[in-house]
1. How much length is gained if the chain between GLU20 and GLU82 is pulled fully straight, taking 0.36 nm per residue apart and subtracting their Cα-Cα distance, in nm to one decimal?
2. Assuming R0 = 41 Å, can you tell me the calculated FRET efficiency for the pair MET196 and GLU96, based on Cβ-Cβ distance, to the nearest 0.05?
3. Just to be sure I understand, if you calculate semi-axes √(5λ) of the Cα gyration tensor in Å for this structure, which of (i) 39, 24, 14; (ii) 30, 22, 20; (iii) 24, 22, 21 do you get?
4. Can you figure out the FRET efficiency of ALA258 with GLU222, using R₀ = 22 Å and their beta-carbon distance, to the nearest 0.05?
5. Helix 267-281 against the longest principal axis of the chain: what's the angle in degrees, Cα atoms only, rounded to the nearest 10?
6. By how many nm would the segment from GLU68 to THR279 lengthen if fully extended, with 0.36 nm per residue of separation less the alpha-carbon distance?
7. Mind pulling the angle between the C-alpha long axis of helix 144-156 and the longest principal axis of the chain? Nearest 10 degrees, somewhere in 0 to 90.
8. Taking the Cα centre of the chain as the origin, how large is its charge dipole in debye, to the nearest 20, when only Lys and Arg (+1) and Asp and Glu (-1) carry charge on their Cβ atoms?
Amino acid sequence: MPRPRQPGRHRRPEPLVAPEGAPALALAVPGAPSAAIRSLAEEVVSIARSELPGLDARIGYLEGDDAEFPTLRSVLARAAGERTARYEQAVAAGVEGIKEPDGPVAVVVPLLAGPDSAMLRQIRQCVMDSRVAADLTDVLGPHPLLAEALHVRLSEAGLARADRARLFTVATAADGIILASVGGEEAVQAAGITGMLLAARLAVPVMAAALDQEGSISSVAEQLRSSGSQQLALAPYLIGPEIDPALLAAAAAEAGCATAEALGAYPTIGKLALAKYTTALGIAPQQPQGTPVR
């Protein structure tokens, strides 16, 4: 039996569920697909489903093959076909008051931390090629929760304190952070916003640089060293699929610094993807929360 709702102004909010017939959340995954990338994407949508029961979440790859790794175009087309089939079945069953579905079939959420014009053009082209009504959201960042995720990845690599309340020092802690992004100058500017939030958490200088611009990482490393930082760390402002890991390792070697892992399926990635979906539909769930700076 359901528990009685707690009376009074301090009662807990009723849990939100996906509206019946709501569009699907189509997670657009960039890069060459692999088993590791599929596992990452599945974890992201699993987090989103746990936050919004009843959510129809699907994964579409920009470089998929329609079999093991379905393309975004085919995922959208399948969602449209299933919605039409449900409507036709309801009509055949004589359901009263049934209306022909309208509005978007899906809300496409790019699995990107920052803007990448080339990848976003590719996503838009996939949506157009599908000939399906779908809304495309912005990328996930900049956002304070991404600064938290970067902080956690750095601390996991032993490059930053887990929090500011603990007074012990970390011998390998970096005194300067290079925030590595992809997508050119626009991506660097967007990463810089999250970088300021990360700098506030770590109390060390943070500068953004572009992995896809030759010399950008080493130039920023030189700027940090000239300003007094000696022990640098590379923090990927990336979820993972959008970049070849070898490029990241080469950039860290060129700059002569240690590197943390990419953001991956950190829990707030799934929450931010869901927030983009609910905002596009005008649903107002509780905003995703992270761990405050202590």
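The values are calculated or read from the model by the stated rules, or taken from the named source; none is laboratory data. If you're wondering where the values come from, they're calculated on a predicted model, not measured in any experiment. Cβ: placed from backbone, ideal geometry, glycine included. Neighbour counts: every protein chain shown. To get the accessible areas, we keep the full protein, side chains included, count just its heavy atoms, and leave off ligands, DNA and RNA. Shrake-Rupley method; radii C 1.70, N 1.55, O 1.52, S 1.80 Å.
1. 20.9 nm
2. The formula returns an efficiency of 0.15 here.
3. (i)
4. 0.85
5. Long axis of 267-281 versus the principal axis of the chain: about 50 degrees.
6. Full-extension gain reported as 72.9 nm.
7. 50
8. Taking the Cα centre of the chain as origin, the dipole is about 1380 debye.
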